[in-house]
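Here, each number is a calculation from the coordinates, and none is a lab measurement. All values reported here derive from a predicted model rather than from experimental measurement. Every residue, glycine as well, gets a Cβ built from its backbone with ideal geometry; the counts of neighbours run over all protein chains shown.
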Amino acid sequence: MRTTYEEIFELLGIKNVTSKRQKKNGTHVFEIPFKTYGGKRIRLATYKSGAIRNVNSCYSCYQLNPTKLEKWQNTDFKHKVRIPITSHEDRLEFLLKFIIRNYYKKQHTITKWKGCTHEPNVSVIVDGHRYRIQ
């Protein structure tokens, strides 16, 4: 059974490019229709451990999870700690919001849409927040 997030991903041109081995490990990799400066499509991944990462290359593989400040072992120093997202549905929701906020809303034009000859006018509502994509 397909989830709502998978349908929204398909509508936005986001492809699930997860390999069989990754799927077996609980990892899901998505390729969005935007390119890096090197010309490669941007890939983002969710992991069973609760991590969400940008996995474009070994040089730019970084976590996207939300952070919180914690005290460092009986001192006054604080450091950032990544908060794992334990539910698969919650990871997909976080990833969708991240993609819309950081890629779709920042783009003036979307260059390639699968099966479209024109730029679509799409509105997506996630948790009561409407995102308009043009």
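Computed values, structure above
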read-out: L11 paired with T36, simple spin-label distance in nm, labels 7 Å along Cα-to-beta-carbon; value: 3.0
read-out: Among 13-22, 96-105, the order from most to least packed when residues are scored by Cβ within 10 Å on average; value: 96-105, 13-22
read-out: Protection proxy ranking of 23-36, 66-79 - average other beta-carbon atoms within 10 Å, highest first; value: 23-36, 66-79
read-out: Point-to-point label distance, K80-K97, nm (Cα→Cβ direction, 7 Å offset); value: 1.7
